[in-house]
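Before any comments, here is the structure.
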Amino acid sequence: MNQFIQLGRTAIENKNFVEAAEWFGKAVAENPKDAQFLACLGQSLCWQGKLNEGLAHLRQSGQFLLKKARKSRDINLALDLADQLQFWNDFPGALEICKQAVQINPGQLRGYQLLALTYSRLNLKKPALAAGRQALKLAPNSAVLAILLATLEAADGLNQEAKQRLEKVLQNPLLTAEERFRANKELARILDKLGQYDQVFAHLHAAAEVAPRLPEVKRQNASLVPKMLESHKTEFDRDLLGRWANTEFPADQPAPVFLLGFMRTGTTLTQEVLASHPEMFVADETDLIASVTKELNRLSNGQGSLAEQLRKLDLAGVLQLRAFYWNRARALYGDKIGTRLLLDKTTMNTIDLGLINYIFPDAKLVFLLRDPRDVCLSCFMQTMLPTPSTVHLFSWDGTARFYAQVMDWWMTIRSKLTMNFIEFRYEDAVFDFEPAFRNVFDFLDLDWDPAVAEFHKKAAGKYIASPSFSQVAQPLYSSSVGRWHHYQAEYTAILPELQTFIDEFGYEH
């Protein structure tokens, strides 16, 4: 093994990605056409947050792997590289590799499976469907591929075909827990689209029964976020939040705009409309604030709660964290931000509103509201990757309880914020688009641009991190407003959790 690679891997094991990149860089300097060296360097740069630079090396590695595959017809390493690009959300880069890989070896099932997933995440529905069909043709008895194809069919409007496919899948007594979970979730969504409302919750509850057995769900600490929110409510007081309210910050550390709310409240729709404005740049579901939290914890030697760590922070520390935020943003996006206004849309950063206000008291906040009943329905119907937040959405009562915990935090902190904020209703965006968004752009001191109404055209062929990526690639529709009425009987159990917020936000009727 190359000495530099060995040293780099040791650094990776110690999670020292800066040192690892240095060793891998030396390996690449010695042999710039070695795909493995390039991939190692690319990954270590990505782990540092230097995505632009890291992805360039990963893409280059992929091309060298494809060159080798053309001789051997073994495309597995190239597909592994495509997997890495997907992990870092470089779906255009993954698409180029997958397209070439299936041409080299059209009999490789995994190639078409990855190709279908990549096309799907880029909102390219027709080619995704074609790739999904080809994958299932190569493995006609695969439940995983049948579920994938049904999902792609539904995305393309072929709901009856998708329904029949999933009903057939669910007849298989040998399904794994994950297959049964996904098939029930997807079938529920399709039945909702077909208007067969009396059958939907039977499948949602069937998925909920299976969910606790999923390994990814078991690994989550379900008490982490609720406990955090409870402590935040008492620890983030007006004195703490207002400490730097009148401070003049350096021009090279401007405050971003934050777009927050609860999941499925319209944050992705709002993001895409705002992203269509030429003076706005959107950071979509990033770890920018999470990284600031980790840096604060490092500076505090892990001592104390988040609020206690902030209380000990002087102005120099605040400036250091603002600089850290911007250094990471520029590492992620390079020169793409330019002089545009940065919109940080990471929906569940709502949990970290106290930290955000403390570090960026001069920021502006757009907070999304939506009928709590529609929010809970949409969350419960959605298939989400398990995290300490989303793990609560795998059951109906858990969804309502978690919504109440997060929104109680919002009601507690909003009167204490020094940031300027507006509450923006999803329903206004749908039914009164231009006046509603004119109000948002006025709040952000941006002129109205009529082109933002064409947001859905820009979303097609683009990677969007949110689970609602496919919905924002089409014109606005109103069928998701008041959808809860189709399932009124199901709300008897959870209405006590939601009523406070229905009343507070004016959704009584």
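Quick look at the numbers
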quantity	calculated
For the stretch 102-169, convex hull of alpha carbons as volume per residue, Å³	66 Å³
Extension gain from Asn297 to Gln63, taking 0.36 nm per residue of separation minus the Cα-Cα distance	80.2 nm
Highest average packing first - 125-134, 145-154, Cβ atoms within 10 Å	145-154, 125-134
Glu508 versus Ala251: modelled label distance in nm, points set 7 Å from Cα along the beta carbon direction	5.2 nm
Estimated 222 nm signal from helices in the chain, with DSSP H stretches of n ≥ 4 weighted -39500 (n - 2.57), rounded to 500	-18500 deg cm²/dmol
Spatially proximal lysines relative to Lys312 (Cα-Cα < 17 Å; intrachain offsets below 8 disregarded)	Lys294
Contour excess over end-to-end distance, with Cα ends at Phe87 and Ser231 and 0.36 nm allotted per residue	48.5 nm
Signed unit charges on C-beta, dipole axis of the chain, positive-most listed residue Ala404, Leu85, Ser291	Leu85
Cα gyration tensor category, rounded, prolate or oblate, for the stretch 14-123 with a/c compared to 1.5	oblate
Between the stretch 374-453 and the stretch 255-284, the Cα center-to-center distance that results, in Å	11 Å
His205, His57, ranked by accessible area, largest first (probe 1.4 Å)	His205, His57
The stretch 351-410: Rg to Rh, with Rh as the Kirkwood radius over Cα pairs	1.04
20 Å binning of all Cα-Cα separations within the chain, expressed as whole percents from 0 upward	20, 54, 25, 1
More than 15 Å apart - percent of Cα-Cα pairs taken over the stretch 307-350	60 percent
The stretch 91-140: C-alpha gyration tensor shape, a/c 1.5 cut-off, then a/b vs b/c	oblate
Amide hydrogen neighbours beyond the local backbone of Leu369, cut-off 5 Å, H modeled	Phe424, Arg425, Tyr426
Amide H contacts of Phe421 (H built 1.01 Å from N, under 5 Å, at least 5 apart or other chain)	Leu365
Cα centre as origin, Lys/Arg/Asp/Glu Cβ charges: the stretch 256-346 dipole, Debye	200 debye
Neighbourhood net charge (12 Å Cβ-Cβ; Lys/Arg +1, Asp/Glu -1) for Gln499	-3
Stretch gain in nm, segment Lys71-Asp408, where the contour uses 0.36 nm per residue and the Cα spacing is subtracted	115.3 nm
3J(HN,Hα) from dihedral phi, the stretch 206-212, Karplus parametrisation 6.51/-1.76/1.60, rounded to Hz, x for glycine, proline	5, 5, 5, 5, 7, 3, x
Cβ crowding within 10 Å averaged over residues, with 336-344, 111-119 ranked highest first	111-119, 336-344
Cα pair distances of the stretch 289-445 binned at 5 Å [whole percent]	1, 7, 14, 17, 18, 18, 14, 8, 2, 0
Charge sum, other residues only, whose C-beta stays under 12 Å from Leu446's C-beta, Lys/Arg counted +1 and Asp/Glu -1	-2
Sulfur and carbon atoms: percent of accessible area, the chain [1.4 Å]	51 percent
Vicinal HN-Hα couplings computed from phi for the stretch 17-23 (Karplus, 6.51 cos²θ - 1.76 cosθ + 1.60; Hz; Gly/Pro x)	6, 5, 5, 4, 4, 5, 5
Surface per residue (accessible, 1.4 Å probe) for the chain, Å²	44 Å²
Surrounding net charge for Arg213, when Lys and Arg each add one and Asp and Glu each subtract one, Cβ distance under 11 Å	-1
Contact order relative to length of the chain, as percent, for alpha carbon pairs under 8 angstrom and 6 or more apart	15 percent
At R0 = 25 Å, FRET efficiency that the Cβ-Cβ distance of Arg311 and Arg438 yields, to 0.05	0.05
Partner lysines for Lys26 [C-alpha distance under 19 Å; skip if fewer than 8 residues away on the same chain]	Lys15, Lys50
Cβ charges +1 (Lys, Arg) and -1 (Asp, Glu), total dipole of the chain, debye	2020 debye
Sequence ranges 247-253, 379-385, 232-238, 58-64, ranked by mean other-Cβ count within 10 angstrom, highest first	58-64, 379-385, 232-238, 247-253
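The values are calculated or read from the model by the stated rules, or taken from the named source; none is laboratory data. Not measured: the values here are computed from a predicted model. Here the Cβ is made from the backbone with ideal geometry for all residues, glycine too, and neighbour counts use every protein chain on show. All accessible areas refer to the heavy atoms of the entire protein, side chains included, with ligands and DNA or RNA removed. Shrake-Rupley method; radii C 1.70, N 1.55, O 1.52, S 1.80 Å.
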